[in-house]
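One structure, pasted below without further comment.
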């Protein structure tokens, strides 16, 4: 049977914004995420409950995620990049891998966290910390490290867990922090010395604090929110911060350029939702200890405010623009990215 539409109806449909009908017609969203697997059900199930949109996701460390999006540039398989430090989004934006989108929720987020290029949307912050096994230190009567230089002490030989900056956004922040504090020449000397105390380089930045909690390492260099998680789960972990200065991350989310058209409205809706007060207050439910950036959101109990620490004036744009070069130099001078766990 032939269907006949009135001109008025056709014009009315054409005038509707894309999101007005796509959000009800298509209820799926594909996400690449760098957040730990344990947190994701909290965010994704709550988003589905509110919107009816089901999220399919692939979890990768931030460095792997960047590599995957680069490899799929001509045929993107996901619509949203969710999580990872801003300096991973800088080269992605410059390489044409991201679609410009700035959430209206940014009105509630301090301007110092905004992406001047218009690609990344910030939704949490966190500082680099030293996660320490309390039992190991108590048994030996040693103080926790309180400076980057402390990590070079001979008593920590084979006792430090850190991720590789080639795969981990956390560890790239560590690398870029030291370079910004010491300059490149001294930084390579520092990392060569630190390498003598490293137990093993891991793939993910969330692994070192768990190594510490399980007693496989005395110290894990990680973001504070990842270090707090095993501590509050009952593992013998305490955090220490370098008094000589530490770096921090602005965790972001963005649209992947060329993503499936039918998912675009859902992708924007998810980004708006995770930046909102309600989305950010789920950090309490997920026990992630991430510090929300939305001024209206209440931080989770136990989260560490970066304003209470000596954080360096970390240059995210510089770190993003120099990522490839610094990672290659690290692999050449310090440790190749192989046999990671």
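Taking residue 314 and the conditions (1) buried (at least 22 other Cβ atoms within 10 Å of the Cβ); (2) in the same structural domain as residue 69 (by TED's automatic domain parsing), which numbered condition does it fall short on, given that it satisfies the others?
(2)
How many residues does the range 74-93 hold that are out of contact with any strand residue (DSSP E or B) (no Cβ under 6 Å at 6 or more places or on another chain) and either surrounded by 14 or more Cβ atoms within 10 Å (Cβ to Cβ) or not assigned by TED's automatic domain parsing to the domain that holds residue 43 (or both)?
Number of matching residues: 7.
Does any residue of the range 273-285 turn out to be assigned by TED's automatic domain parsing to the domain that holds residue 41, closer than 27 Å to residue 67 by Cα, more than 17 Å from the chain's Cα centre (by Cα) and touching a residue at least 12 places away in the same chain (Cβ under 8 Å)?
yes
Is one or more of the residues making up the range 41-53 over 30 Å from residue 327 (Cβ atoms), touching a helix residue (DSSP H, G or I) at 6+ places or on another chain (Cβ under 7 Å) and part of a strand (DSSP E or B)?
No, the range 41-53 contains no residue that is over 30 Å from residue 327 (Cβ atoms), touching a helix residue (DSSP H, G or I) at 6+ places or on another chain (Cβ under 7 Å) and part of a strand (DSSP E or B).
Here is a list: 127, 117. Which entry is under 12 Å from residue 250 (Cα atoms) and surrounded by 13 or more Cβ atoms within 10 Å (Cβ to Cβ)? Even if it seems obvious, please write down each step before you answer.
Numbers: 117 fails: under 12 Å from residue 250 (Cα atoms).
The conditions single out 127.
Also, I was wondering about something else. If we keep just the residues of the range 52-64 that are in contact with a strand residue (DSSP E or B) (Cβ under 8 Å, 6 or more places away or on another chain) and touching a residue at least 40 places away in the same chain (Cβ under 8 Å), which is nearest to residue 251 (Cα to Cα)?
Out of the qualifying residues, it is 62.
Taking only the range 210-228 into account, find how many residues are farther than 18 Å from residue 194 by Cα and surrounded by fewer than 24 Cβ atoms within 10 Å (Cβ to Cβ).
Residues that pass the stated criteria total 3.
Among the candidates 294, 322, which residue alone is crowded, with 16+ Cβ neighbours inside 10 Å and within 22 Å of residue 186 (Cβ to Cβ)?
After applying the criteria, what remains is 322.
The values are calculated or read from the model by the stated rules, or taken from the named source; none is laboratory data. Keep in mind it's a predicted model, so treat the numbers as computed, not measured. Every residue, glycine as well, gets a Cβ built from its backbone with ideal geometry; the counts of neighbours run over all protein chains shown.
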